[in-house]
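Here is the structure we will look at.
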């Protein structure tokens, strides 16, 4: 079993002028120590406009600082909120983080269950699943193809050479936030790893992360979509199986 850290950067009230900076710098002190103790990964969420609960709106910048204080622990974004970002920006920033960390980045993609976080950015919330799916489709292409062009419903990219490229090959592992059975099955079909939380209804994981359809048939996964999914098996009562 591998054990990791997960940070929201919670800042309880009452606040002082140094409350936010103190919490962030505490994390920067804790993570190198966790690496020394054998922790395998650290994940930072991305949330916006969530005072007290999460002051963690730029996780890639925090992880860039972590990358210069550590050498082995993996660095995960859990997750990039696809509807408020453009794949070109995310591809460049995550590739840069992968270079700074010498190939230790894991990239999670999600949609968020809180529209309150998305509407100030002007996001159309009618089809956030479709936006997420296009994001998951084009992001590995940007990293693995010398030049990329894309003509989707939500993202249109004229032919360009997008730089820099990440250190990891074929690309940093891709993960998805799985809050429903449908998303879990789609995650498995794309060959992505699944990120499952403990809150809310538990999505079905059997077969979803193994790259197989619900009827058990293997899915065909393109090489540029390969992540590093971790198989999750549960008993009927919900217990994790070895």
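The values are calculated or read from the model by the stated rules, or taken from the named source; none is laboratory data. Here the structure is a predicted model, which means the values were calculated and not measured. Cβ sites come from the backbone with ideal geometry, for glycine too, and all protein chains shown count toward neighbours.
Laid out as a table, the results:
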{"read-out": "Test for residue 121: is it over 18 Å from the mean Cα position of the chain (by Cα) and under 27 Å from residue 50 (Cα atoms)", "value": "yes"}
{"read-out": "Unique match (being touching a residue at least 12 places away in the same chain (Cβ under 8 Å) and touching a helix residue (DSSP H, G or I) at 6+ places or on another chain (Cβ under 8 Å)) among 46, 35", "value": "46"}
{"read-out": "Of all residues in the range 9-18 being surrounded by fewer than 16 Cβ atoms within 10 Å (Cβ to Cβ) and touching a residue at least 24 places away in the same chain (Cβ under 8 Å), the one that is farthest from residue 70 (Cα to Cα)", "value": "13"}
{"read-out": "Residue list for the range 140-192, filter: out of contact with any strand residue (DSSP E or B) (no Cβ under 9 Å at 6 or more places or on another chain), touching a residue at least 24 places away in the same chain (Cβ under 8 Å) and within 21 Å of residue 103 (Cβ to Cβ)", "value": "143, 144, 145, 163, 164, 165, 170"}
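Rundown of residues vs (1) more than 13 Å from residue 108 (Cα to Cα); (2) at pLDDT 55 or above; (3) not in a helix (DSSP H, G or I), yes/no style:
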| position | (1), (2), (3) |
| --- | --- |
| 175 | no, yes, yes |
| 184 | yes, yes, no |
| 188 | yes, yes, no |
| 199 | yes, yes, yes |
| 207 | yes, no, yes |
| 215 | yes, no, yes |
